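So the structure is just underneath, and the comments pick up after that.
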Amino acid sequence: SETYPDIQRDKRFAQLTQEHVAFFRNLLGTDSAIIDGVTSDAADDIEPFNSDWMRKYRGHCKLVLKPGSTDEVSKILKYCNDNMLAVVPQGGNTGLVGGSVPVFDEIVVNMSRMNQIIEFDEVSGTLVAEAGCILEGADHFLASKGYIFPLDLGAKGSCHIGGNLATNAGGLRLLRYGSLHGTVLGIEVVLADGTVVDDLCKLRKNNTGYDLKQLFIGAEGTIGIITKVSIQCPQRSAAQNVAFFGLESFDKVQQAFREAKGQLSEILSAFELMDEGSQALVRQVTNNKRPLEDQYPFYCLIETSGSNADHDSEKLQAFLEDVMEKGVVADGTLAQDETQYRSLWAWREGITEALGHLGGVYKYDVSIPIKELYQLVEDTRARVDAAGLLGDTDEYPVRAVVGYGHMGDGNLHLNVSTRRFDERVEKVLEPFVYEWIAERQGSISAEHGLGLMKKKYIGYSRNPTMVGLMRNIKNTFDPKGILNPYKYL
Ligand code: FAD
Ligand code: 2HG
Ligand code: ZN
């Protein structure tokens, strides 16, 4: 491929023909369910499905299929498996590791038409929905019933719940609601050969045999296409508060986290970290007024969710006074209303989008023991600087090396914001970052997954025995390897 000189197209895969297209057209019936660049020139319409959110990864697919039912997904995959046609499952295409777009000419199976809520049990809080529901839409539906989706993230307006499961997305409230491995009760999934696995269980407890659904959570579309989801949703909290703090050092950030857990305990629902560099870039792009008057090396956003607004704000106010008195926090502000609540969150949630406006971003999504979480940013910055790549003017490719993330989960997002993607920058960063993490027994993928970006680096976080077992799983569920090839393993 002109895009990926290091990767060869797998010759076992067939080239798409008019006959293939005719089969899919006949199967899907409606024109809106198929974008065909094989028998017609639909290049412009296909482009958004070929190109990822960051505009870093680009494929050359000529056919996008949008099934409207599990049966259609099953028939598509059976036909692809029989005819050796490679497939990329695609949700909202907000993934950050190049997993959701083709590498060569794989067919995109986009799930956006399977977007119905199937049922909701108002007593238990169990939601059953199709995989193509947009996360924010599902959450709005739940809000009308007094419930909340147990996952929230900046891409909620576009990402699908099926995509969330496929990546095992973590997001902003994992600290409170836990991982999808705990909240998902069941799934329906279609295997490569078209077999429909119906495990759409609605039970909280079910210890009958291996828990197979867990394999598909975080499998990034490599062993099946998730078509339906059953998930346990918590009661929506009546009161939500947000505080935004400035802190002088990463030691103080850690102290603040300890204090927050101790003093806010059951109402704490998020503890997020942002460094000054990340906030300066958000400010540069949005031009919004900063929440605090002065600048600090670090900022934390703390959210509480509870049942009693007065009680919660009293607790948060007392917490803020206490940590300021002890000198843990240098300055802070509390949201006074819904508008301020949203605008404080925007300083954290908006980082990815803001950086995206500034040029190319190299992203590393890592778990490391909290004590060393920020050291990675400092060491990386020093390395990029020593290589002569970091500077304020156009001649330098790198604008800034910044860190932020889900402090409460020990998950850092190291972002290297560049004026343009540049091979010299990538060479300085990789495998340096992965080695740094492996030395500390960290994870090179805390929540975004492996996709195309980290396929060759899996060995930094998983030993050969585990990678071998993973290959066996892949071969069991997708023996011909048609699902999301060239990625993950
Ligand atoms: P896609 O990007 O379409 O696909 C992602 C992967 O899942 C691909 O490998 C694809 O093949 C596979 N896939 C998609 N749908 C299915 C399906 N139905 N069955 C099988 N495989 C499927 N991630 C986090 O974890 N935490 C965050 O806080 C977070 N914040 C983000 C903020 C922004 C602004 C952006 C752009 C991204 C963020 N992400 C975050 C990354 C991304 O949003 C998540 O990975 C999300 O879960 C992907 O969902 P999607 O529907 O867009 O999937
Ligand atoms: C977040 O936490 C997302 O905002 C995206 O996981 C992180 O862009 C990133 O690196
Ligand atoms: Zn994140």
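Any read-out appearing in this document is the output of simple, stated calculations on the displayed coordinates, not a laboratory observation. Because the structure is a prediction, the values reported are computed rather than measured. Virtual Cβ from ideal backbone geometry, glycine too; neighbours counted across all protein chains shown.
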TODO: Just rank Met407, Met274, Met470, fewest to most, by other beta-carbon atoms within 10 angstrom.
DONE: Met470, Met274, Met407
Task: Charge dipole (debye, nearest 20) of the chain; +1 at Cβ of Lys and Arg, -1 at Cβ of Asp and Glu - done: 1220
Task: Percent of beta bridges antiparallel (DSSP, the chain, rounded to nearest 5) - done: 90
Open item on the list: Can you find, among Phe104, Tyr79, Val425, the residue sitting farthest towards the positive end of the charge dipole of the chain, where Lys and Arg contribute +1 and Asp and Glu -1 at Cβ?
Closed with: Tyr79
TODO: Just name one of Phe244, Leu185, Gly157: the one whose Cα is farthest towards the positive end of the charge dipole of the chain (beta-carbon charges, Lys/Arg +1, Asp/Glu -1).
DONE: Leu185
Task: Per-pair calculated FRET efficiency, R0 = 35 Å: Glu314 and Gln375 via Cβ, rounded to 0.05 - done: 0.45
- [ ] Putting +1 on Lys and Arg Cβ atoms and -1 on Asp and Glu Cβ atoms, find which of Asn463, Leu414, Pro485 reaches farthest to the positive end of the dipole of the stretch 402-489.
- [x] Pro485
- [ ] Work out how far the C-alpha atoms of the stretch 359-448 reach from end to end along every principal axis, then list the three figures in whole Å, largest first.
- [x] 37, 21, 20
Task: DSSP-assigned coil residues among trypsin sites (Lys or Arg not before Pro) in the stretch 108-209, each with at most 12 further Cβ atoms within 10 Å - done: Arg204, Lys205
Task: Fully extended contour minus Cα-Cα distance, from Thr3 to Gln18, at 0.36 nm per residue - done: 2.8 nm
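Work out how much length Lys289 to Gln235 would gain on full extension: take 0.36 nm times their residue separation and subtract the Cα-Cα distance, in nm to one decimal.
Full extension from Lys289 to Gln235 adds 16.1 nm.
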- [ ] Report, to the nearest 10°, how far helix 464-477 tilts away from the longest principal axis of the Cα atoms in the chain, using its own Cα long axis and a range of 0 to 90°.
- [x] 40
Task: Net +/- balance of residues flanking Glu259 in space, Cβ distance below 14 Å, scoring K and R +1, D and E -1 - done: +1
Task: Order of Asp310, Asp52, Asp41 under a 10 Å beta carbon neighbour criterion, fewest first - done: Asp310, Asp41, Asp52
Task: Separation in nanometres of the label points that stand 7 Å from Cα toward Cβ, at Thr465 and Asp392 - done: 5.4
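Defining a contact as two alpha carbons under 8 Å apart and six or more residues distant in sequence, what relative contact order in percent does the chain show?
Details: 994 pairs, mean separation 72.5, N = 489.
Computed over the chain, the figure is 15 percent.
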Task: Packing-based exposure ordering (other Cβ within 10 Å, fewest first) of Glu266, Glu106 - done: Glu266, Glu106
Open item on the list: Tell me the net charge near Ser144. Cut-off is 11 Å between Cβ atoms, Ser144 excluded, with +1 for each Lys or Arg and -1 for each Asp or Glu.
Closed with: 0
Open item on the list: Can you compute the helix-only [θ] at 222 nm over the chain? Use -39500 (n - 2.57) per DSSP H run of at least 4 residues, normalise by all residues, nearest 500 deg cm²/dmol.
Closed with: -9500 deg cm²/dmol
Task: Euclidean distance between Cα centres, the stretch 50-79 to the stretch 263-288, Å - done: 35
Open item on the list: Exceeding 31 Å between C-alpha atoms, which entries from my cross-link table qualify? They are Lys78/Lys205; Lys261/Lys289; Lys252/Lys289; Lys56/Lys205; Lys145/Lys455; Lys213/Lys315.
Closed with: Lys78/Lys205; Lys56/Lys205; Lys145/Lys455; Lys213/Lys315
- [ ] Could you work out the local net charge near Lys455, counting Lys and Arg as +1, Asp and Glu as -1, over the other residues with Cβ closer than 13 Å to its Cβ?
- [x] +3
